[in-house]
1. With the structure loaded, tell me whether Leu255 is assigned to a helix (DSSP H, G or I) and more than 44 Å from the chain's Cα centre (by Cα) or whether it fails that test.
2. Within the stretch 270-298, count every residue that is touching a residue at least 12 places away in the same chain (Cβ under 8 Å) and either more than 19 Å from Ala312 (Cα to Cα) or part of a loop (DSSP other than H, G, I, E, B) (or both).
3. Just a yes or no: is a residue in the stretch 43-54 modelled with pLDDT of 70 or more and either within 60 Å of the chain's Cα centre (by Cα) or assigned to a loop (DSSP other than H, G, I, E, B) (or both)?
4. Within the set of pairs 6 or more residues apart or between chains, which connect a residue that is of a type in the set (D, E, K, R) inside the stretch 540-551 to a residue that is outside any helix (DSSP H, G or I) and surrounded by fewer than 23 Cβ atoms within 10 Å (Cβ to Cβ) with Cβ atoms less than 9 Å apart?
5. Quick check on my filter: what residues within the stretch 520-536 are open to solvent by 40 Å² or more (accessible area, probe 1.4 Å) and under 46 Å from the mean Cα position of the chain (by Cα)?
6. How about the stretch 323-352: which of its residues are among the basic types (Lys, Arg) and out of contact with any Asp or Glu (no Cβ under 7 Å at 6 or more places or on another chain)?
7. So the check is Cβ under 6 Å with 6+ separation or different chains; which pairs have a first residue in the stretch 392-417 that's part of a helix (DSSP H, G or I) and a second one that's hydrophobic (A, V, I, L, M, F, W, C)?
8. Which one of Asp349, Asp294 is modelled with pLDDT of 90 or more and open to solvent by 80 Å² or more (accessible area, probe 1.4 Å)?
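The values are calculated or read from the model by the stated rules, or taken from the named source; none is laboratory data. As the structure is a computational prediction, the values presented were derived from the model and not from experiment. Using ideal geometry, Cβ is built from the backbone for each residue, glycine included, and neighbour counts are taken over all protein chains shown. These accessible areas exclude ligands, DNA and RNA; they are computed on the full protein's heavy atoms, side chains included. Shrake-Rupley method; radii C 1.70, N 1.55, O 1.52, S 1.80 Å.
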Amino acid sequence: MEPRLAPGPSFVRPALIVAASAVPLLVLEWLPGLRFQIGSTLNGQIHTVLEVLSIIGSAMIFSVAWNALAWQRSSVMALACCCFGSVALSDLAHVALFEPTPSFAGGEGLARAYIPFFLARLATALALVVLACEPRIGTVPPRLRWVALAVSLVLGCLFAAAGALSTASALLFRPGVGPTPLKIAMDLSVAVVELAGALLFARQFGRSRDHQSGLMAAALGVLAMSQYAFTRYASASDAFFVYGHILKVIAYMALYRAMYVWMLRQPYLELLAARRTLAVAVERWRKLFEHSLDAVMIGTSAGAVLAANPAACRLFGRSEAELVAGGRAMVVFEGDPRLQPLMQARARDGSTRGELTYRRSDGSLFEAEVATATFQDAEGRELTNVVIRDLTDQKALEAQRAEMNVALERRVLERTRQLERANADLAQFSYGIAHDLRAPLAAIGGFAGALGQDGQPLAPRSAHYLARIVANVARMEGVIEAMLGLYRLSQSPLLVREVDLSEMARQIVDDLAFTAPQRKVEAVIEEGLRVRGDQALLHALLQNLIGNAWKFTSDREDGARIVLARLPGRQAAFEVRDNGVGFDPERAGELFAMFRRLHDASQFAGYGLGLAGAKKIVERHGGEIAIEGRPGEGATVRFSLGEQLAPSDDEDLASAAVL
């Protein structure tokens, strides 16, 4: 539903105008005894005064539309100008043709005066209805102002001629009786049009609450009441006849006020506001222009300079007058091949940016960043603004940075070579030590075995020492073999292919279960765990992780559990969980170091190299590995593999090497 109009500053005045105009009309309608009669002479004088006031009102409205049309050039103004200019002339003809006679005796004069009066009222009503329909305001050429004046004069003359030449008095007035039904119907038809316009302006007022729409609605309502009064008089001296003309004057004054606010006062206030906004924008631009740290110049596309800010004068070492006199050629290096493409891009796109070489007053050249755009001034001329930023310091820093990067790359390359040589020497040294220790250990183990099989009984203490020697030799051989395996992990080539981790894990669990059939272990392995990687290295990785889970769940009496699954939301990230003995979480970082153990060797066998090897395998695949756990709650190892591993040059060859 539309909101109801609440009384307010813009609603009270139109409502008062309509109410004050309607009350006397209702009194005359409901109290016939108050309908006074005026003598013919006095009636003619009163009629003349009221019509002169109406002519002044319509002339004032015409003046407002005429002046507004001079600078707004609106089609609405042109329509109002044509209408009220002709209305003023028609009312003037009405006064000239009016002949007041009692009881309509000799009604020819009244009929001639009525014709231009009726045509003027009908034209006014139709024009205001068109304005109330909110036509799309279009601009008209300046000469149409004079066309509108000519049209108003022609219409006024035609209306006057129609009245002067009219012979239809018998159709409009009956002597001694009053207006005929035809005249009453004509007046009521005009009143209906005026009421329609009033309703349209009232609807417009309800949406926008603008002052002029309310006044226009009130004026049209008063005009409709005036037209109704002209259907009720019995003679030209009747009170209805006089009051109808008074209502007409009131309506024209309200129309003038509304037109004045609409066509002159409101646009003038909007113009003042726009000028204030423009003044603020100009002042803001002036301060920005004068106090900018970058050089700014205003010029033309041809290369002329019209203005330059203080930063531009400092940058080029010249005064503004020198820059204006010399133009673009004075400051831009003429041999710069980037100048013409930059100008072409600005002409094509309206704005552009780039770099150019400029010249200072001492002849030195420097690089600068340029941002330029075109615009039009108030006179329609195409101008350009150019913002220039000196890049001398930036270019020097870039050159220094480039030199430092070259030196840094050289040092990194040298350090990388040194590190690679050191790593290769260290790996070779470790391999040599591990390899060379195998022969002495084999000899020690062989001699110890020979002593035990000599047939001579040994003392208990000697037998104990001999058993410890044999055990430590076996442990040392295991450590050496583990070191050699770790060396091979870091040196063997990476043969990438598609690997099914799910199937590989099941085989490892089956092998472990075969070695310890008495154990009850629940192995949960997610299906479809496929990745790209080195099959042999990934087998060693799962062998270490699942083997550790198998080993550290051996003390579980209520059932061991080992889980291999993919991490949510990631394609090549997995975890191995168990419910074994766990470990101290504060020492989790130590587990990936070589020979580092958190449990006693007598409880859980091993050399402390399994997780170190697992980390090396994961890193060779471009991934990461981490472990977490708590004592008695098991451990979880999470690892990821590089998702963009490229396949080997010959996967068939890789498969053959693995097999």
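1. Numbers: assigned to a helix (DSSP H, G or I): yes; more than 44 Å from the chain's Cα centre (by Cα): yes.
The answer is yes for Leu255.
2. The qualifying residues number 3.
3. Within the stretch 43-54, one or more residues are modelled with pLDDT of 70 or more and either within 60 Å of the chain's Cα centre (by Cα) or assigned to a loop (DSSP other than H, G, I, E, B) (or both).
4. Cβ pairs passing all conditions: Lys551/Phe604; Lys551/Ala605; Lys551/Gly606.
5. Gly528, Arg530, Arg532
6. Step one: filter the stretch 323-352 for residues among the basic types (Lys, Arg), giving 328, 338, 346, 348.
Correct list: Arg328, Arg346, Arg348.
7. Close Cβ pairs (under 6 Å, with a partner that is hydrophobic (A, V, I, L, M, F, W, C)) amount to Thr392/Phe366.
8. Working: Asp294 fails: open to solvent by 80 Å² or more (accessible area, probe 1.4 Å).
Unique residue meeting the criteria: Asp349.
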